[in-house]
Amino acid sequence: MSDPIAQLIFLIIKAVLVPVIIVMMVAFIIFFERKFAGFFQGRWGPTYLGPWGSFQSFGDIAKLLSKEDLIPVRSDKRVFRLAPYIIFVPAFLVMAVLPFGPVGGEPNLFGYRFDYVIANFDAGLVLFLALGAISVYGVVLAGWSSNSNFSLLGGLRAGAQMISYELAMGFSVVGVMLMAGSMSLVDIVDGQAGNFWDWYFIPQVVGGLIFFVATLAELNRTPFDLAEAEQELVAGYLTEYSGMRWGIFMFAEYVNMVVISGIVSTLYFGGWRAPLEALDFIPGPIWLFIKICAFVFLYMWVRWTIFRYRYNQLMSMGWKVLLPLSIANLVVTAIVVSVT
Amino acid sequence: MSDPVDHVARTAERGAPAPEAGARPTLAELKERKARSRQRVERGGEVMTVSMGPQHPSMHGVYRAELDLDGELIVTVRPEIGNLHRGVEKLAEARTYHQIIPLTDRLDYISGFAMNHGFCEAVEKLMEAEVPPRGRYIRTIASELCRIANHILWLGVHIMDLGTQTFFCICFRDREYVLDLLEMLTGARLTHSFARIGGVAKDLPDGFDHRCRKVIDFLPRRVAEYERIVKHNRIYYKRAKGVGIFTSEDCYAWRVTGPPLRSAGVARDLRKDEPYAAYDEVEFDVAVEYNADVYDRFLVRMKEIRESCKIIRQCLDNLPDGPFLAPDFAHAMPLKKNVLRNPSAMIQDFVHVFRGPQAPKGEVYRAIEVPKGEMGVYIRSEGGAKPARVRFTTPSFYHGQVVPAMVEGEMIADMVAIFASIDVVLGDCDR
């Protein structure tokens, strides 16, 4: 078997396996979100289905699938059906550029080289930002096509919010790009080789914090869940959705959460690398998994602890605090990188 | 309500701790701040009408407000009440005074006993009935427990409206301790129907004193924890400070009472101003804050929980012996345990059940301080066992109508915060 054919087979295996693993992760993350929410609130969370209630998500999916597919009469039906997928597909696409183990080098599997990334894409970071921008359309279109006032408000809020936070996010990421000298996530992880004090979260602490806050806004989670602010807009852009369409939105949100946790750990926390070189015998995917779980937990923790910002406060924070800070971070990084 | 100026003057001598210099804004400053926070922009653009409620997740009960929105700004609000109208006042005309008591705790079902209490005070004024000291003390304890339960619930709901569900659960757990006490005392968690004309239905149960002391020792610590979580929370501060300013002048114009009024710097509290029950025999401060916004309403309520704990402790310490229900043939029901043993008690029971207590001709108005504000009861009697007309002036009704004046010019998110901050219960509002 020649190398290109082997690579093709590996690619197909990876392209099937990674989404499947992430989907399974999401099913359990939804369960853990509810379980942790329960623990934070002094109650049990789901307990009935499966051991410790752990099959709750599958029960939910069965329920959502069996529900009536309701589409409001006056909605723009085609867009209404399309919107969930505009969010759903980009969420999965980002996984393609996320390295979960060493890439390149010696043949490591049956005499062939197995790259632990689906697509070693030179501009992986840009792809991530671009796909993030596309998912905004899903939210805005969902809000618009529902033909409901609450949905419209939610969609507009989401649009404004995501666009303003993407700026800060983009600028904070540029710092990492400068340090790694590359836009490829594979190279960025390689730039963090060594122990945990070589990771970018130490030199890029400001950028990392800004990036984390911006991802909270990107994920529409508290304190930035204005797009679906339950107490203000009923459910925001999701108000008119029900059944599996609603389920797809929720699902995409959690897939996004996993993927963005992966991106955060790749950019600032060494990706699949072990915190100490002595721990390198544990394979990369496991380290990445642990880091993703840690960040997912952090997202849950934030969600169940913090209040929601008001719309104008959110905007002023995005434009007046995060954006100038991220630009300053970029300037300082650029100077330091060019001097050293 | 009596003269506003009088209350402002008395605020200082009420023992309210002096705020730090500059912390107490003048009325003019408050008005200016209010004008600044209301960013009414006359853009002449299209307004979008949104119907908030009665099924909206953050509308308490079945309140409905039609909002005209200019973007995120609220241009006009048209509140709609009456979805929970049960005709309590009309029902009351067909019942004897004893039978009206269970109707009253369905008004503000969050603090049921306080409603019973207010009605009984009014009937006692009409009939000139005496309440024995022990009865007055037990009433005070139950009323204050209701106040604590109400404020804790309010806090949870208010914070949930600002986006944190976890805090709601914390508050519900703590409210449970108080509800357990009330259940122990009255046998019910929400609709107590515990007050009687001339006293209360039962004596304090065994072990109540001990458990109650444990809870009121514990609650101030919890309040301190709430304050640690909420008071210094940056987002809460930003969301609540300077939002929904409603000055003392506005409060007088709209008959706003209770915590919203006290947060505007007016030490008006009927427990002090027109003492009833045992309030003139206990020491407590009236909680006052000066900025008249959502944040200060939170502070006032937290102070009130602390003061309530203080009141309950004093009542338990000084609880007098003696009957808890007036042994008065004309007005009070006899104790059930005596009815089958004592012929005169049996006759008394028979008379009160089948004929009802006889009230003289006349009309009375009696107001008490329930957790949400001033609750007044007007009774017009033409003699006999049934009132000719009963009218409840409940705080939620007045606070509910104030919403347009409070939120027009603010943002939708503020509407939610402000509506929660004035603490409206629709059962109380619609009656």
Report summary line: Final fewest-first order of B:His399, B:His85, B:His210 on the 10 Å Cβ neighbour count is B:His210, B:His85, B:His399
Query raised in the report: How crowded by other chains is A:141-152, given as the mean number of beta carbons from other chains within 10 Å of each beta carbon?
Result: 1
Report task. Between A:Ala62, A:Ala119, A:Ala37, find the one with the highest GNM mean-square fluctuation for chain A; connect C-alpha pairs within less than 10 Å. Result -> A:Ala62
Report task. Filter the cross-link list A:Lys35/B:Lys214; B:Lys272/B:Lys303; B:Lys125/B:Lys386; B:Lys272/B:Lys310; A:Lys320/B:Lys241 down to pairs whose alpha-carbon distance in this structure exceeds 22 Å. Result -> A:Lys35/B:Lys214
Report summary line: In order over region B:306-321: 3J(HN,Hα) from phi, Karplus 6.51/-1.76/1.60, θ = phi - 60°, whole Hz, x for each Gly or Pro, gives 4, 5, 4, 4, 4, 4, 4, 4, 5, 5, 5, 5, 9, 4, x, 7
Report summary line: Counting other chain Cβ atoms within 10 Å of each Cβ in A:40-46 and taking the mean gives 3
Report task. Return the sequence-ordered ³J(HN,Hα) values of region B:277-283 in whole Hz as given by the Karplus equation 6.51 cos²θ - 1.76 cosθ + 1.60 applied to θ = phi - 60°, using x for Gly and Pro. Result -> 6, 9, 5, 7, 9, 10, 9
Query raised in the report: Quick one: Debye curve from the C-alpha atoms of region A:70-339, no solvent, what's log10 I(q)/I(0) at q = 0.14, 0.17 Å⁻¹?
Result: -0.96, -1.29
Report summary line: Inter-chain shielding metric for B:405-418, i.e. average beta-carbon neighbours from other chains within 10 angstrom, reads 3
Query - region A:70-339: relative contact order as a whole-number percent, Cα under 8 Å and 6+ apart - result: 25
**Report entry** Length-normalised contact order of chain B in % [C-alpha pairs under 8 Å, at least 6 apart]
**Finding:** 26
Query raised in the report: What are the residues whose amide H is under 5 Å from the amide H of B:Gly163, where those residues sit 5 or more places off or on another chain and H is modelled from the backbone?
Result: A:Arg308
Report task. For region B:387-431 and region A:197-212, compute the distance between their C-alpha centroids and round to whole Å. Result -> 49
Report task. Mind sorting A:Ile9, B:Ile170, B:Ile245 by how few other Cβ atoms lie within 10 Å of their own Cβ, fewest first? Result -> A:Ile9, B:Ile170, B:Ile245
Requested in this report: In whole Å, largest first, what are the principal axis extents of the Cα atoms in region B:257-315?
Outcome: 32, 21, 12
Query - Scattering profile of region A:1-99 at q = 0.11 Å⁻¹ [log10 I(q)/I(0), Debye over alpha-carbon scatterers] - result: -0.58
Query raised in the report: Which cross-chain or sequence-distant (5 or more) residues have an amide H under 5 Å from the amide H of B:Ala367, H modelled 1.01 Å from N in plane?
Result: B:Val377
Query raised in the report: In percent, how large is the relative contact order of region B:176-319, given Cα pairs closer than 8 Å and 6 or more residues apart?
Result: 22
Query raised in the report: Using θ = phi - 60° and the Karplus form 6.51 cos²θ - 1.76 cosθ + 1.60, what ³J(HN,Hα) does each residue of region A:113-124 get, whole Hz, x for Gly and Pro?
Result: 8, 9, 8, 7, 7, 6, 10, 7, 9, 5, 10, x
Report summary line: Scaled by the rule-of-thumb 2.2 N^0.38 Å, the alpha carbon Rg for chain B gives a ratio of 1.00
Report task. Can you work out the PRE-style zone for B:His210? Point 7 Å along Cα to Cβ, and I want the residues of region B:186-201 with backbone N under 20 Å. Result -> B:186-187
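Each reported figure results from applying straightforward, stated rules to the coordinates on display, with no laboratory input. Bear in mind the structure is a predicted one, so any value in this text is a computation, not a measurement. Ideal geometry is used to build each Cβ from the backbone, glycine not excepted, and the neighbour counts take in all protein chains shown.
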